[in-house]
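**Q** One structure follows; several queries about it will come next.
Derivation of every value follows stated rules applied to the coordinates shown; laboratory data play no part. Because the structure is a prediction, the values reported are computed rather than measured. Note that we place each Cβ from the backbone using ideal geometry, even for glycine, and neighbour counts take in every protein chain shown.
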């Protein structure tokens with residue numbers, strides 16, 4: 001059976017799968033504009049880019065967001081992989097072989113940011129792929145519109161970045177099958193090869209609860225122009241209860 005390669009994404013189009021952001025007090029350890037920029041490779045606009053190691057000096061950073069307990073892949077700032085403790089236990093070997101697991105602080109719960117360090121330099125068949133290059137001799141891609149791989153270069157791989165396109169994280173069916181086998185939620189895996197054109201990328205493997213999509217509007221009255229601490233606490237409790245009711249109404253763990 002031929003190997004499949006997927007683009008690793010989180011579920012973006014459902015309100016129950018919100019993600020994290022770094023708390024306002026968090027800053028870059030490398031003088032970058034934002035802490036999430038630390039996860040970008042060094043010289044990421046060049047084919048010779050290098051992954052940046054974060055583990056040595058990492059101290060758990062505070063993240064915020066309305067992340068539900070069943071969301072195993074909330075991510076940080078949309079693009080930085082972040083896994084629940086449950087997910088890490090299921091795929092720890094794959095993660096540790098290909099990057100750095102970095103604990104984050106979220107209300108005493110167990111979550112990890114993930115820094116992908118595996119770089120494949122010769123797996124993409126550039127002649128058969130369709131690549132929109134940035135200008136420059138050593139420049140990386142603006143976008144890979146159609147992927148073609150050398151199958152022998154993918155043997156043993158599970159999570160990686162391509163030299164040609166470091167902004168995208170790719171996984172193989174080894175990773176995808178583990179997610180499915182353990183019933184992990186929140187993953188949106190988009191096949192890019194062999195199904196590798198924009199038209200058929202609509203075929204996705206989504207691991208998560210499937211819920212009916214309907215909008216509900218609540219108008220809550222407060223005693224003053226701004227809600228008090230007690231009112232905010234009551235609102236949070238109401239939202240948490242609504243989340244639980246929605247989840248239980250249409251549970252499908254995959």
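**Q** What's the exposure ranking of 96, 231, 164, going from fewest to most Cβ atoms within 10 Å? Mind showing how you got there, number by number?
**A** On the way: 96 11, 231 15, 164 20.
Fewest-to-most ranking of 96, 231, 164: 96, 231, 164.
**Q** Test of understanding: what is the full-extension gain from residue 127 to residue 242, defined as 0.36 nm times their sequence separation minus their Cα-Cα distance?
**A** Details: separation 115, 0.36 × 115 = 41.40 nm, distance 5.12 nm.
Here the segment from residue 127 to residue 242 would lengthen by 36.3 nm.
**Q** At a Förster radius of 22 Å, what calculated FRET efficiency corresponds to the Cβ-Cβ distance of residue 138 and residue 37, to the nearest 0.05? Please list the in-between numbers first.
**A** Details: r = 21 Å, r/R0 = 0.96.
Here the calculated transfer efficiency is 0.55.
**Q** Can I ask one more? Multiplying the sequence separation of residue 92 and residue 219 by 0.36 nm and subtracting their Cα-Cα distance, what value in nm do you get? Provide the component values of the computation, followed by the final result.
**A** Details: separation 127, 0.36 × 127 = 45.72 nm, distance 4.38 nm.
Gain on stretching residue 92 to residue 219: 41.3 nm.
**Q** Turning to a different aspect of this structure: By how many degrees, between 0 and 90 and to the nearest 10, does the Cα long axis of helix 85-98 differ from the longest principal axis of the chain?
**A** Approximately 20 degrees, to the nearest ten.
**Q** Compare 111, 17, 147 in a GNM of the chain, Cα atoms joined below 10 Å, and give the one with the largest fluctuation.
**A** Maximum among the listed residues: 147.
**Q** Also, quick follow-up: Could you work out the pair-distance distribution P(r) of region 114-197 from its alpha-carbon pairs, with 10 angstrom bin width and percents rounded to whole numbers?
**A** That works out to 16, 50, 28, 6, 1, in percent per bin.
**Q** If one computes the Cα centroid of region 1-22 and of region 100-152, what distance in Å separates the two points?
**A** 15
**Q** To continue, here is another question. Using only C-alpha positions, report the orientation-averaged shadow area of the convex hull of region 1-156, nm², one decimal. All intermediate terms of the calculation are to be shown ahead of the outcome.
**A** Working: hull surface 44.7 nm².
It is 11.2 nm².
**Q** Which residues does the label zone of residue 3 cover in region 152-189, counting backbone N under 15 Å from a point 7 Å along Cα→Cβ?
**A** Counting backbone N atoms under 15 Å from the label point, the list is 152-163, 170-178.
**Q** Measure of size requested: the Rg and Dmax of region 44-104, with Cα atoms as the atom set and Å as the unit; please supply both.
**A** 13.3, 39
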